[in-house]
Amino acid sequence: MRLPLMHQMRKKKILKIFSWVVTNIQPVPTGLHVIDDHLFNVIIRGYGASDQRTETFGLLASCMGFYASSLKLTPPGNQKGIFVSLIKSKHDIWIFDIVNQIAFRDADGHLVDLHNLIANPSLIERAAGDLIIEGIPYPKYILYISALQPDFSRLEAQKPFPRIRQVFGRLLRCFQN
């Protein structure tokens, strides 16, 4: 079954964004502090904490017409967890792990929708290999996602124009008081 051309183009676009973030937004260098500021500064610096790198991917995807959400997946018995991005395209939700450089694909290399991923845990094992984080096999983190509700509106507010509107709104309220 061939996917419609537009859907194929959207998949290529999101994979290019994924590749760019993995290549260009690095972990915080040893000896430097995590700076908690806007994601555009993470892009300028070229590094950020795990959550910042994940959200940077989501922000760029959002700016390119996708709906994006970031989640921290912390299965019971674990403190640290992992950060993932959920990218919503017309009918699909794809999951990406920037930190571990994982984009979930099927045997043919096509992105796998979140619902198919949950229904076929072998696809998670295939993508993650033997990856264990904090003593927990990686698939347990991803399977935990079905218990959560992603919010696709938060990163929308981080886009340039909504962000500017938000900042000016705060400034105006300050002057009104």
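The values are calculated or read from the model by the stated rules, or taken from the named source; none is laboratory data. Treat the numbers as computed from the prediction; the structure is a model and nothing was measured. Ideal geometry is used to build each Cβ from the backbone, glycine not excepted, and the neighbour counts take in all protein chains shown. For the accessible areas, the whole protein counts, side chains as well, though only heavy atoms, and no ligand, DNA or RNA atoms are used. Shrake-Rupley method; radii C 1.70, N 1.55, O 1.52, S 1.80 Å.
Worth a mention:
- Members of the stretch 97-142 that are on the phi < 0 side of the Ramachandran plot and small (Gly, Ala, Ser): Ala103, Ala107, Ala119, Ser122, Ala127, Ala128
- Screening Leu15 on (1) more than 11 Å from the chain's Cα centre (by Cα); (2) farther than 20 Å from Ile142 by Cβ; (3) open to solvent by 10 Å² or more (accessible area, probe 1.4 Å) shows it passes everything except condition (2).
- Flag if Pro76 is surrounded by fewer than 16 Cβ atoms within 10 Å (Cβ to Cβ) and closer than 17 Å to Tyr144 by Cα: yes
- Ile87 being buried (at least 21 other Cβ atoms within 10 Å of the Cβ), among the aliphatic types (A, V, I, L, M) and in contact with a helix residue (DSSP H, G or I) (Cβ under 7 Å, 6 or more places away or on another chain): yes
- Looking only at the stretch 20-38, and only at residues there that are open to solvent by less than 60 Å² (accessible area, probe 1.4 Å), modelled with pLDDT of 85 or more and out of contact with any Lys or Arg (no Cβ under 6 Å at 6 or more places or on another chain), the one that is farthest from Gly58 (Cα to Cα): Pro29
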